[in-house]
Amino acid sequence: MKMIIAIVNNDDTADVCSALTEENFMFTKVSSTGGFLKAGNTTLLIGIDDAYLQRALSTIEQHCATRSVSIPASTLVEQNPYDAYTSRDITVGGATVFVLDAEQFIKY
């Protein structure tokens, strides 16, 4: 038994959740916020048998996309007056996934 904790960009959440539901995976959806950009994320908690782990991970991977966004450079470094008027492109999106061993799964 495994516990998947998938932190998904809000832009991808609807697609990932729809795909997981189509594959008959049950999950709990929790709103969360990233610490670096303070952007909205969704954390999915998925209890799963070991035999279905790779299928669930593939479903998450297929429905998460990375994208490039432009942000003020001053948010990336300490306040610098020269950075106030510049921006930098960074890659956001995708998913961060943790897979943990779960000793027990109980549903009441």
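Which of the numbered conditions does Lys2 fail, given that it passes all the others? Conditions: (1) in contact with an Asp or Glu (Cβ under 9 Å, 6 or more places away or on another chain); (2) at pLDDT below 95.
For Lys2, the failing item is (2).
For the stretch 74-89, enumerate the residues that are of a type in the set (Val, Ile, Thr), out of contact with any helix residue (DSSP H, G or I) (no Cβ under 6 Å at 6 or more places or on another chain) and modelled with pLDDT of 70 or more.
none
State which residue pairs qualify: first residue more than 19 Å from Thr28 (Cα to Cα) and inside the stretch 89-108, second residue at pLDDT 85 or above and surrounded by 10 or more Cβ atoms within 10 Å (Cβ to Cβ) in any location, beta carbons under 6 Å apart, and separation of 6 or more residues or different chains.
Note: pairs meeting the criteria are Gly93/Asn9.
The values are calculated or read from the model by the stated rules, or taken from the named source; none is laboratory data. All of these numbers come straight from a predicted model, not from anything done at the bench. When we count neighbours, we look across all protein chains shown, and the Cβ atoms used for this are built from the backbone with ideal geometry, even at glycine.
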